[in-house]
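Colleague: Below you'll find the structure I mean.
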Amino acid sequence: MVEPARLIEFEMVLLNRHSIFDGPRKADAHKKVDRSAYVVLTRIDLDGPLSIGELSAALGLDTSTVNRQTAAMLKADLIERIPDPDGGMARKLAMTSEGAARLAYARDRTVESLGRVMTGWTDEETADFARMLERFNRGIEALEGRPWPRPDDATTRPDDGQPQDADESDA
C-alpha cells in the first residue's frame, strides 16, 4: 500500500500540470495572465500596493526573480509604480485597471473551469474540499512562516483589503 503522503505528492504533480489554472484560452489570449502574474496580482489585490522587497518576502522568492516578473507585468500594464502611500522612500507596485480587469477575467474563467471539473459533486463535497485545501495551504504557510491573507480573514475587509477595527470585525 502506498503511503498517503506519496499519493498526495503524485496528485500535486498532476494538479500542477493541468492547464485549467492558466486562465483564458487561446481565443482570449489578449486577456491572459501567466501563473506568476496571477499570484502577484492576487497578493497585491489582497494587500494593496507592495514594494519589490515586500513582494519578495511575501512570495518567498529572491528579489531578482520578483524584479523579472514585475518588469514583464509593468510592460503589460498590469501594475504600475507609485509613491509609497505611507510616505516611505521605496516605490510601491499597484495594480492598474487593466491588471484588475485581467485578474478578474482569469479568476472567472478558473472558477467556471473548476465548476465543470466538480460537476456531480455535492455542495457538501465541494465545501469539504475547500476546507481541506485551505487547511493544507495554511499548514504549508505555517511551516514557511509566510501566511497569506485571505479575503474572508477576520483581520481583512474583503472589499478593500484594509485592516478592520476590532469592533467592526465583531459586527
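Colleague: Restricting attention to region 17-28, and to residues there that are more than 20 Å from LEU61 (Cβ to Cβ), assigned to a helix (DSSP H, G or I) and open to solvent by 60 Å² or more (accessible area, probe 1.4 Å), which single residue is modelled with the highest pLDDT?
Modeller: Checking each candidate, the answer is ARG17.
Yes or no, residue by residue, for (1) touching a Leu at 6+ places or on another chain (Cβ under 6 Å); (2) farther than 22 Å from PRO149 by Cα; (3) open to solvent by 40 Å² or more (accessible area, probe 1.4 Å):
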residue: ILE8; (1), (2), (3): no, yes, yes
residue: LEU15; (1), (2), (3): no, yes, yes
residue: TYR38; (1), (2), (3): no, no, yes
residue: ASP45; (1), (2), (3): no, no, yes
residue: SER51; (1), (2), (3): no, no, no
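Colleague: Quick one: ARG107 ticks every box in (1) open to solvent by 60 Å² or more (accessible area, probe 1.4 Å); (2) assigned to a loop (DSSP other than H, G, I, E, B); (3) at pLDDT below 95 bar one, so which box is it?
Modeller: (2)
Colleague: Answer yes or no as to whether LEU55 is part of a loop (DSSP other than H, G, I, E, B), modelled with pLDDT of 95 or more and crowded, with 16+ Cβ neighbours inside 10 Å.
Modeller: no
Colleague: Residue by residue through region 127-151, note down the ones that are open to solvent by less than 70 Å² (accessible area, probe 1.4 Å) and among the basic types (Lys, Arg).
Modeller: Across region 127-151, the qualifying residues are ARG146, ARG150.
Colleague: Here's a follow-up. For region 153-161, indicate whether the set of residues that are assigned to a strand (DSSP E or B), open to solvent by less than 90 Å² (accessible area, probe 1.4 Å) and either more than 21 Å from ALA57 (Cβ to Cβ) or at pLDDT below 95 (or both) is non-empty.
Modeller: Looking for residues that are assigned to a strand (DSSP E or B), open to solvent by less than 90 Å² (accessible area, probe 1.4 Å) and either more than 21 Å from ALA57 (Cβ to Cβ) or at pLDDT below 95 (or both), one finds at least one in region 153-161, hence yes.
The values are calculated or read from the model by the stated rules, or taken from the named source; none is laboratory data. Model, not experiment: these values are computed from the prediction. Every residue, glycine among them, receives a Cβ derived from its backbone with ideal geometry; neighbour counts consider all protein chains shown. We work out accessible area using only protein heavy atoms, side chains counted, and drop any ligands, DNA or RNA first. Shrake-Rupley method; radii C 1.70, N 1.55, O 1.52, S 1.80 Å.
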